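S.K.: Here it is, the structure, as structure tokens.
The values are calculated or read from the model by the stated rules, or taken from the named source; none is laboratory data. Remember, predicted model here, so these are calculated numbers, not experimental data. Here the Cβ positions follow ideal geometry from the backbone for every residue, glycine too, while neighbour counts run over all protein chains shown. What goes into the accessible areas is simple: the full protein's heavy atoms, side chains included, and nothing from ligands, DNA or RNA. Shrake-Rupley method; radii C 1.70, N 1.55, O 1.52, S 1.80 Å.
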Amino acid sequence: MPFSRLVNPRFPPAALGLESGSATVVHLERSRRDAFSIRRAATITLPEGLVRPSYDEPNISDANTLINLLSEVALSAGLGKQRKWSVALPEAATRAAILTLESAPASRSELEEILGWKYERAFGAPQDELRVSRERLSADAQGRQRYLAVGIRLSILAEYEAIFAMLDWRAGLILPRHQGEARWITRTGTPGDALLISSHAEGFTALVLRDKQPAIVRSVMCETEDRDDELYRLLLFYRDRVISADDAVATKTLDRLLVVGEGFDKDHVSEIVNETLETRPRVLDSVGVGLALPSGEFSFDNLAAPAGLATLAW
């Protein structure tokens, strides 16, 4: 779900992906019904410390330098005149959570009150300091209402929006990185369970999708040496609380795995899944999700999030 959106918008086929060490722009084209190719793209390395993704602290140390570099990467991709963009923000700048209501609210105002309290608990800040978007999910096994909520501090969002305004870029869709990457799973009609690991310098976000809807979302900030343990904990929770929670789907387990970013080796993650769940999921790559990359020119790790957002143009 976006931090900002219009009613029935037409999203652009161009998108920006920001990380602590790089910025990537992409213009996508549809090659056939379920496949896409790169029309234009470029990646630029950012100086260390220029973008410091954080949920609580300022993210951009030098706005003018970042503006110049974003203008440069857009020009190098042949997108210097592009004005409408979707944007994938650094993962560590945002938080995501699945919120479950213990009982059905009696009114719309009661729903907003309950969710407001849950936002503050989940995101660790007063609601008036947050921009939160939400999406209602299917009920859980006990019939309780569930919502996917994505939050960012208003002060952090304002930093990025000021950059885009100076570039005269109209960013109609601004999302955390993992939401763009998840598009490569949710845009198809494939049923069953899938795991997305969106890895970054500060940790990783794990998203378990069941029939295209989030079943678990975890934003994990940790050191590199602690990643395996955190992933084990997540998979045990999935095994004990999600798979076994619904007898009708108790036979389901992870059958697809998408690992994006640095810090996790894809085969190693697959081995951890096999060890914990006794199943070996299909490891997805750019070909497997329907994105044709120019040979040897671009990394799917860099393109997955912005290209995923760009698929919303169709």
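S.K.: Heavy-atom accessible area per residue, the stretch 1-146, 1.4 Å probe: how many Å²?
M.R.: Accessible surface, normalised per residue, equals 52 Å².
S.K.: Mind checking which aspartates and glutamates have their C-alpha under 17 Å from Lys118, skipping anything on the same chain fewer than 8 residues away?
M.R.: Glu102, Glu110, Asp128, Glu129, Glu135
S.K.: Please report the carbon-and-sulfur percent of the accessible area for the chain; probe 1.4 Å, protein heavy atoms only, DNA, RNA and ligands left out.
M.R.: Answer for the chain: carbon and sulfur cover 45 percent of the accessible area.
S.K.: Using a 1.4 angstrom probe with every protein chain in place, what is the largest-first accessible-area order of Leu75, Leu157?
M.R.: Correct descending sequence by accessible area is Leu75, Leu157.
S.K.: Hey, rough spin-label estimate for Ala63 and Asp168, points 7 angstrom out along Cα→Cβ, what's it come to in nanometres?
M.R.: Simple spin-label model gives 1.8 nm for this pair.
S.K.: Can you order the peptides 297-305, 178-186, 206-214 by their average number of other Cβ atoms within 10 Å per residue, highest first?
M.R.: Those peptides, ordered most packed to least, come out 178-186, 297-305, 206-214.
S.K.: Taking every pair of distinct Cα atoms and averaging 1/r, then inverting, what Kirkwood hydrodynamic radius in Å comes out for the stretch 1-123?
M.R.: 17.4
S.K.: Which value does Rg/Rh take for the chain over its C-alpha atoms, Rh per Kirkwood?
M.R.: My calculation puts Rg/Rh at 0.95.
S.K.: With a point put 7 Å past each Cα toward its Cβ, work out how far Thr279 is from Glu297 in nm, to one decimal.
M.R.: Placing both labels 7 Å along Cα→Cβ, they lie 3.8 nm apart.
S.K.: If each DSSP helix of 4+ residues adds -39,500 (n - 2.57) and the sum is divided by the residues in the chain, what number results at 222 nm, nearest 500 deg cm²/dmol?
M.R.: My calculation for the chain gives -9000 deg cm²/dmol from helical runs alone.
S.K.: Also, quick follow-up: Give me the number: length gained by fully extending Glu129 to Gln142, i.e. 0.36 nm times residue separation minus the C-alpha to C-alpha distance, one decimal in nm.
M.R.: 1.4 nm
S.K.: First select every other residue whose beta carbon is under 12 angstrom from the beta carbon of Leu46; then total the charges, Lys and Arg +1, Asp and Glu -1.
M.R.: -3
S.K.: Moving to a separate point now. So how much slack lies between Met221 and Glu29, counting 0.36 nm per residue of separation and subtracting their Cα-Cα distance, in nm?
M.R.: 65.7 nm
S.K.: Right, something else. List every residue whose amide H lies under 5 Å from the amide H of Ala171, counting only residues 5 or more places away in sequence or on a different chain, with H placed 1.01 Å from N in the peptide plane.
M.R.: The answer is Trp85.
S.K.: With each label point set 7 Å from Cα along the Cα-Cβ vector, what nm distance links Ile44 and Asp211?
M.R.: 4.6
S.K.: Moving to a separate point now. Using the Cα centre of the chain as origin and beta-carbon charges of +1 (Lys, Arg) and -1 (Asp, Glu), tell me which of Leu303, Trp184, Ser31 is placed farthest towards the positive end of the dipole.
M.R.: Farthest along the dipole direction, towards plus: Ser31.
S.K.: Another question, if that's okay. Using the Cα centre of the stretch 193-314 as the reference point, and only Cβ charges (+1 on K/R, -1 on D/E), how large is the resulting charge dipole? Debye, rounded to the nearest 20.
M.R.: Taking the Cα centre of the stretch 193-314 as origin, the dipole is about 580 debye.
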